Structures are given as C-alpha cells and as structure tokens.
Amino acid sequence: MRSLVRSAARPYVCPSCQLSRLPARRRFASHSTPSSASPEIYDVVCVGGGPAGLGLLAALRASPATSKLKVALVETQDLQKAGSWSLDAQHYSNRVSSLTPSSVSFLQKIGVWDHVDTARVQPYQEMQVWDGETGSRITFDWSMETSPFEDLRTVATMTENSNLVRALLSRIAESGDENLSIFSNTTVSSIANGSEIPDGPDLSAWPVLSLAPTTSSPAQPPKQIAARLLVGADGINSPVRRFADISTSGWDYDRHGVVATLSLSDLDPVHFPLNMKTAYQRFLPALGGPIALLPLPNNNASLVWSTTVANAAYLKSLPPRAFIAMVNAAFRLSMTDLSYMLRMERPSTTSSPASSTSTPTPTLDPHEDELTWRLQHTPQPRKPSQLPPVVNGVQEGTVASFPLRFRHASSYISPRVALVGDAAHVIHPLAGQGLNLGLGDVAALARTVQYAATHGMDVGDILTLERYAGDRFATNAKIGAACDVLHKLYNVPGNGPVAWARSFGLDVIDKVPFVKGLLMKGVE
Amino acid sequence: MATRRALRTLNHLTTRRAHSTTSVSANELSHFSALASSWWDPQGPSRVLHLMNPLRHDFIASCLSDALPPPPPSTSTSTPTSETNPNTLRYLDIGCGGGIFAESLARSITPPSTPTQTPTPTRAASITAIDPSTTLIQIARDHARQDPTVDAHLRTGRFEYKNCTLEDLIAASSSPSSSPSPSTQKKTYDIVTLFEVIEHIESTPAAGISPQSFLTDCLRLVRPGGWLIGSTIARTFPSWLVNQVIAEAPWPVGVVPRGTHEWQKFVNPEELEGWVQEGLMRGADGRVTRAGAAALEGMRWKCMGVVYFPGFGWKLVPGSESWGNYFWAVRKGV
C-alpha cells in the first residue's frame, strides 16, 4: 500500500511548498574534510553493520536482479570479530531477539537461516500474558488453527543477535566479493553532497561519504565514496538521518529494560505435547512495566524486565541469589509484596563468590527468605502451567540494562537516502517487535530496489523510495503506537477503572478466538 | 543556477528551429517546452507520467516474451558479443520529451564490457531518443548527467539524444550520400517506442500529415520482426471526463497541467489498429508496394489498458483499453 498520509496530503500542499520540503541542509560532518578527488561510485551504501544493515546487504546479494549492484557497507565495529563469534552450549548472550515467523521466512528466503546455528535458537509455541494487578490472562497460540494431530505452530523464535549477525556475515561472504566492499573498523567522518565533475557526471545531488579507518593514523587521507542510494541503518543517533535533515520525534519512557540470561529448574511443569515451549509475560503496573521470560535451549531463558530506572539500578546491584529471588517473586507475588521487596535493604557484600549457577549455601538470602514466606500467603493459579518454571541460576556477567525510548522519524526517505531499523524507529520492547520491524524494513527496501533495478528506475530516486516509505511508514507507526498504548495502559496501578477496562479487554480477546486470531496475524 | 537555467530555456525557445514539413504542431511544442523546468520534479506536473514509466518496461517485456526480434545478421559483426550477451536490441524513442522513458531505458543497458549472460527485461543494447523541442532535449541531457551510468552511455554513444523530428531522422537515415544503395543500408531499429505521442500529432490534410502518415513513418524505422510500441488514450466519454474535466481541473484536484490533452485527438484502439495495418501496407515511398495480405503476414497486434488509481498509482487492467489509457504494440512481420 502506498503511503496514505503522503498521497492524500499531496494535492493539498501547494506546489511551491512541496518543493521547499526538500531538505535545505544536506551535510553531516564530525570534522570537515573537503576533497576534490572524484569519489568511487556505489549503487547502494549502507551505513551500519547491525542485523538491519547486514540483512539488507544479504537480501540484495541473494536476488539475481540486485546481485550485480555495486554495494558497500560501513561499520565502526570489527566485523571480523562478529563473524567468528562463538560461545559454548551452556552460555547464552543477553542480547536476544524474538523473531516472528515472517522474519524467519524472510531470512530463509535470502538463504541466511541455513547459516544460523539452530542448536542455539528456541522456537516457542505458546505465550502466556497476564496482568499482575487483576490476574486477567490471555494465551497466545495457534491451537485454533491446528489439528490435534500436528504440532502447534511457532509463535516466535528466540535467537541471540550475535548468532544472527554471524549468520548474515557468513551468507554475505558466501555470495563472493564481486561488486561488494565491506569497510569494517571504519567511521563515516563526513557526508556531503558531491560536485559536478568536469567532463564527467554531475554528482551535486549525490551523497558523498568520507571514510576514516578507526585503526590507522589520521594522516591518511579519507576515502571518498558516492552513493546512488545511501541507507541509514546506523541506529537511534543516525548520522545519515542528520545528513538528510530528517527530524525525529519521540520521548524517553524513563524506564530501563533489565536483561539477563537465566537457567531454569529441571522441574519444568510437564507440558503436552512434551516439546512445547512457552514464553511468559506478566504486567506489573505498580513497578513500571512488564517482566518477560523467553525460552532458550537447554533449559535456559532470557529475561527482559521493563521497570523504573531506580528499580533497575536496585535489581542490578543485587547479588545473584537475591536477583533470582526477585525474578521468581515478580512472576508470583502481588504488587504490594513486590514493592516491599524492592525496598528491602541490600544484603551486605559477603555474598558467595560469583558463579554461573548459584549453589545453595546454608545461609539464607534475605530476599529468598522473604519470597518463601510471602509465597505461603499468596494464592497461586489453578493450573501450574500458567506459571514459568522456577529460575535457579543467572549466568555471570549477563545482568545489564538499557534505557527504553520511543522515536519515529518524520520520514524514512529523502532524495538518495533511506532509513531502516532503529534509525527510522525505536519502540518499547514489550511486544519484542523492534528487530522484526527492522527486518520488515529491509525486506521492503530490498523489494523496492529489486523492482527499480528491473524497471530502469534509479534506485536512489525519490519516486523509487516512495514505494518503500509507502510500504513501511504506516505499518511501523501503527505497531509502535500499539506498544506505546499498551505500555501506558499497564502503567496505571491499583484496581481503578483503567485496570478493570484493560482486564475486561484481555478477557474478551482471550475468549473470542476470531479476535485473537486477527491480533496474532496482525503481529505476524 | 536557477536563473541561468531559465535564461538558457528562454534562449532555446527563441532559437527553435523551424521545420518545413513536420508532424509537430507549434502549439504542442510550446506547451511542453513551457513545462520543461518541472519535467523531472517528482511532485511536479509530470508526476503521473513518471509513475506510469515502470509499466512501460513491463509492457515491453511482455511484448518481447511474445516474440523476440530476430538476432541481427551475424555476418556484419565480427565481435562475438551477440553470442555471449543476449541484450542486443536497438531502441528508438520518438517524442522523448525530457527523457523520462529514454533515460530509464538507457539505465537498463548493460555495458558490453560486463560479462553478463543473463537477459535484462528490456534486452537493450542502445537507444536513440528524438524530440523536436530543443528545450526538452537540453533538459533531458542535463538530467542524464546526474546519473553516472547514463552519463557513461551518452559518452560512449550507446545512448543518444537527437533534437530532430521524425521526418528529419528518416531523411537522414535514407540519405544516399552515406552509401551507394540506400535501400539496404537504411537504419532501422528493433524496438521503436511512441509513448503518449500519437494523441499530440496535428492532422494537417493539406500537407498530407495525419496520425496515420506519422505511424507509417514510424513503421518504416522498425526492422522486420521488430516492435512498434506505444501508449495513448481512447476517445470515450469516461476518458473525456477523466482527462479533460478531472485531470486538468485547477489545483488541488487536477494532476495534469491545463492544455496537455485535446480530447478530439485521442485515438481508439480500433482506429490505431487500422492505421498501423495501412502503414504496414505502405512501402518505403508511401505507395502501396505489397498486396495487403502479404504485408500483414506475421504481424501481431497487442493492446492493454492501464488505469491510474490516485494514491495507489497505475495498474494494468485488461479490458480498460476501450475506455481510457492503454498500451499498444504492433510487430512487423519478418
């Protein structure tokens, strides 16, 4: 679908104003480096070698129509290191993503999935979501659409970002190095419009990047490359977006996401069918956001706990046993109990030497003690499968936190510039959609470039890029807004009308299969 | 910069060449020249035309999949490029204007140096684009410089803009000075394109000029087995409503500048098919040289309607050719 906003508004913007919408300022520079040498010309230059940037490159290399395009990727980090990442089967990175089936099928289509270490990914077939205040619950699975004789379809697949990045790099390497330049360990020192080359093309509307290796001496002259299409996959503070003078709006949630890799007790409640895995998310309105436990292989799980900055700091300062007790408590105790436990005095630093899995020591941790006592006075759900298995260990060095923000660029495109992933949008992680939206952008942009390449269009022309923006802008805005509304809805503590209304909504959705099916397909 | 360009534009307008016998009307010429500065503005008056351009490539690809022009005689060229490179077709774009189609086609040309064995959708090897407006040709050349790929094709001659009329081109291609036997050395093309042109041809019976004679001239430049491909608008009540009343309405409703179209000049598919059949039967000198049935042997006629949906763009809609915009193509028998 074309961008409704854009095309509907077009006739009502007078033509001279439309002209002036073109960015007046097109320059980004950390330090000015003018150069008169004619730049090397590329069809697509992607700034940023994260999953989105690498995904675009892999998609372009995989399609016969675009594999002949001359492409470049610029990344500050060492991609060699990312390409040789490895970790043993008992350890998992704390940077994980939940890939929707459509993201996985895109990765399969472009041949990346074959390079993913599938022993390290974990699909799950069910998601339990409930309100910590009212207990209202919703179960997401595909049971309505599956016959009892086949396995339940996957809701989403957990994968470490490092595993995905390594697979993308390996797929790109497999495509050969013809027409491909990867500038690793390289920063973009400036982006400016090019100039008219005497007896040559007129590059005055083309972005020209000055590249500086992070390792070499500054005396070396920067390399100049011109981009037919410059793709900003360079994150929330995108230099490409600054060059294109695209504004971005949004706010900080004043919340942090606490992440950790956890190990679960072997007393996994027996599921039917046996190999079924479940993700759990409990909204904690009094604590500032939901806590989620997402399954990883070998009885491990990934934690994402969105909470206030103060709570996040408190949780990060706890010794492993107390941290584990807090996580178990957060899925089981009432809001009042949890608020109390988050204000308990921190245990003195005489904790046992940090180990990957905590070994029971005779001395009882005060948080553990508190949890055991309070559990005896808390009613538990009738079905044990509605609760996650007990967490019994936290992998050393994986407890970390990051600020939660909302950002949306006012436009994804400008002449010869397109933004993808976090450069275009940053959303609340409560639905685990961030990376999926980024991969959705990349799939749409690769489709657009492919269409342009087979129809004589200039891949950087605004008429080409309009197709990409029309595809993604409304979709991303809708999902970003939905996550924002959920965040705000589940931040109203107590049993007031808001809590009643949201629980009623959740109950209705859970009971009416038609609505739930629509919702799940929408998310997919 | 802007003022310099405007001055140059004015200059070109005043020094426009006058053609003695031509299918180009002065009114049409000045109308499109006046649009020149905004020709390549994606939000400007030519936006609808820009949006249609990819579909022209689709339609050409569908013609080529129906019947490919036969390979050029292998004896003339000693280079083995035709063996390895399947993209050998020579294009002529008549009435290229600011170069919307010509430039996009030039972009699809793969230089012979690249070892490509895969056919491109258009299979283009070269393109010559002509337009009678000096201003528009200058706009087209200036814009082509902004793309290094297209610029390189212009410099090597695989892509060429000529400021001339169709009549000039025919006169030049069959001039006896270049070769002793003009009939065999006449320059012809695998694909001749005529997008949104036929409805702008002035009918001047006194000078013997009509859309029919214009099409006959176009067909003379098509190699046997090649295609003449174009697009135009049918002369029907819906097309009058859409193109004259709605599309040329004042801003903000209209999408096309006032005076772009004259509904009376629109051409229905059946008329067009009749004209090209007659055109094929007329020989090199405008006389009927072959018996009707023989000239039409191996001929193919193809027609496909397109509809513009505001906010969604152009879509191929089979059957709509009888009441609105449509693509048409005729293949000359081998």
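The lone criterion from (1) within 11 Å of another protein chain (Cβ to nearest Cβ); (2) buried (at least 19 other Cβ atoms within 10 Å of the Cβ); (3) out of contact with any strand residue (DSSP E or B) (no Cβ under 7 Å at 6 or more places or on another chain) left unmet by residue B:105 is number (3).
With respect to (1) modelled with pLDDT of 95 or more; (2) away from chain A (no Cβ under 14 Å), the lone exception for residue B:214 is condition (1). Of the residues making up the stretch B:42-60, just one is more than 10 Å from chain A (Cβ to nearest Cβ) and not hydrophobic (A, V, I, L, M, F, W, C), namely B:46.
Each row is one residue, and each column tells you yes or no for (1) outside any loop (DSSP other than H, G, I, E, B); (2) at pLDDT 70 or above; (3) out of contact with any helix residue (DSSP H, G or I) (no Cβ under 6 Å at 6 or more places or on another chain).
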| residue | (1), (2), (3) |
| --- | --- |
| A:2 | no, no, no |
| A:5 | yes, no, yes |
| A:19 | yes, no, yes |
| A:43 | yes, yes, yes |
| A:67 | no, yes, no |
| A:80 | yes, yes, yes |
| A:90 | no, yes, yes |
| A:102 | yes, yes, yes |
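Just one of the numbered conditions (1) free of Cβ contacts under 8 Å to residues at least 12 places away in the same chain; (2) of a type outside the set (D, E, K, R); (3) not in a loop (DSSP other than H, G, I, E, B) is not true of residue B:330: (1). Across the stretch A:168-218, what is the total count of residues that are within 14 Å of chain B (Cβ to nearest Cβ) and in a strand (DSSP E or B)? So the answer is 5.
Applying the selection to the stretch B:238-273, what residues are polar (S, T, N, Q) and within 25 Å of residue B:39 (Cβ to Cβ)? Within the stretch B:238-273, B:239, B:243, B:244, B:260 qualify. Quick one: is residue B:233 over 13 Å from residue B:331 (Cβ atoms), at pLDDT 90 or above and more than 13 Å from the chain's Cα centre (by Cα)? Yes, satisfied.
Criterion applied to A:174, A:126 was being within 24 Å of the chain's Cα centre (by Cα), surrounded by fewer than 21 Cβ atoms within 10 Å (Cβ to Cβ) and in contact (Cβ under 8 Å) with a residue 24 or more places away in the chain, and the one residue passing it is A:126. Residues considered: B:142, B:147. Of these, the only one that is facing chain A (nearest Cβ under 10 Å) and closer than 15 Å to residue B:163 by Cα is B:142. The sole residue among A:146, A:139, A:154 that is of a type in the set (Ser, Thr, Tyr), modelled with pLDDT of 85 or more and farther than 30 Å from residue B:145 by Cα is A:154. Identify, please: which residue in the stretch B:116-130 is more than 11 Å from chain A (Cβ to nearest Cβ) and not hydroxyl-bearing (Ser, Thr, Tyr) and is, among those, surrounded by the most Cβ atoms within 10 Å (Cβ to Cβ)? Among them, the one singled out is B:129. Evaluate the following for residue A:441: is it touching a Lys or Arg at 6+ places or on another chain (Cβ under 8 Å), in contact (Cβ under 8 Å) with a residue 12 or more places away in the chain and of a type in the set (Asp, Glu)? For residue A:441, the condition - touching a Lys or Arg at 6+ places or on another chain (Cβ under 8 Å), in contact (Cβ under 8 Å) with a residue 12 or more places away in the chain and of a type in the set (Asp, Glu) - is met. Restricting attention to the stretch B:238-260, the residues that are crowded, with 16+ Cβ neighbours inside 10 Å, more than 11 Å from chain A (Cβ to nearest Cβ) and small (Gly, Ala, Ser) total 2. Within the stretch A:297-311, the residues that satisfy the criterion of being over 17 Å from the mean Cα position of the chain (by Cα) and buried (at least 23 other Cβ atoms within 10 Å of the Cβ) are A:301, A:307, A:311. Among all residues of the stretch A:417-437, there is at least one that is more than 19 Å from the chain's Cα centre (by Cα) and buried (at least 24 other Cβ atoms within 10 Å of the Cβ).
Count, please, the residues in the stretch B:56-82 that happen to be surrounded by 11 or more Cβ atoms within 10 Å (Cβ to Cβ) and modelled with pLDDT under 80. Steps first, please.
Let us first name the residues in the stretch B:56-82 that are surrounded by 11 or more Cβ atoms within 10 Å (Cβ to Cβ), namely B:56-64, B:66-72, B:77, B:81-82.
Subset that is modelled with pLDDT under 80: B:72, B:77, B:81-82.
So the answer is 4.
None of A:81, A:68 is within 22 Å of residue B:147 (Cα to Cα), basic (Lys, Arg) and more than 19 Å from the chain's Cα centre (by Cα) except A:68. Is it true that residue A:63 is more than 14 Å from chain B (Cβ to nearest Cβ), small (Gly, Ala, Ser) and within 30 Å of residue A:225 (Cβ to Cβ)? Taking the combined requirement at face value, the residue does not satisfy it. Residue B:111 meets all of the listed conditions (1) within 12 Å of chain A (Cβ to nearest Cβ); (2) modelled with pLDDT of 80 or more but one, namely (2). Before we move on, is residue A:33 modelled with pLDDT of 90 or more, outside any strand (DSSP E or B) and of a type outside the set (Phe, Trp, Tyr)? No; evaluated as a whole, the condition is false for this residue.
The set of residues from the stretch B:83-97 being buried (at least 24 other Cβ atoms within 10 Å of the Cβ), away from chain A (no Cβ under 14 Å) and part of a loop (DSSP other than H, G, I, E, B) comprises B:95, B:97.
The values are calculated or read from the model by the stated rules, or taken from the named source; none is laboratory data. Small disclaimer: the values here were computed from a predicted structure and weren't measured. When we count neighbours, we look across all protein chains shown, and the Cβ atoms used for this are built from the backbone with ideal geometry, even at glycine.
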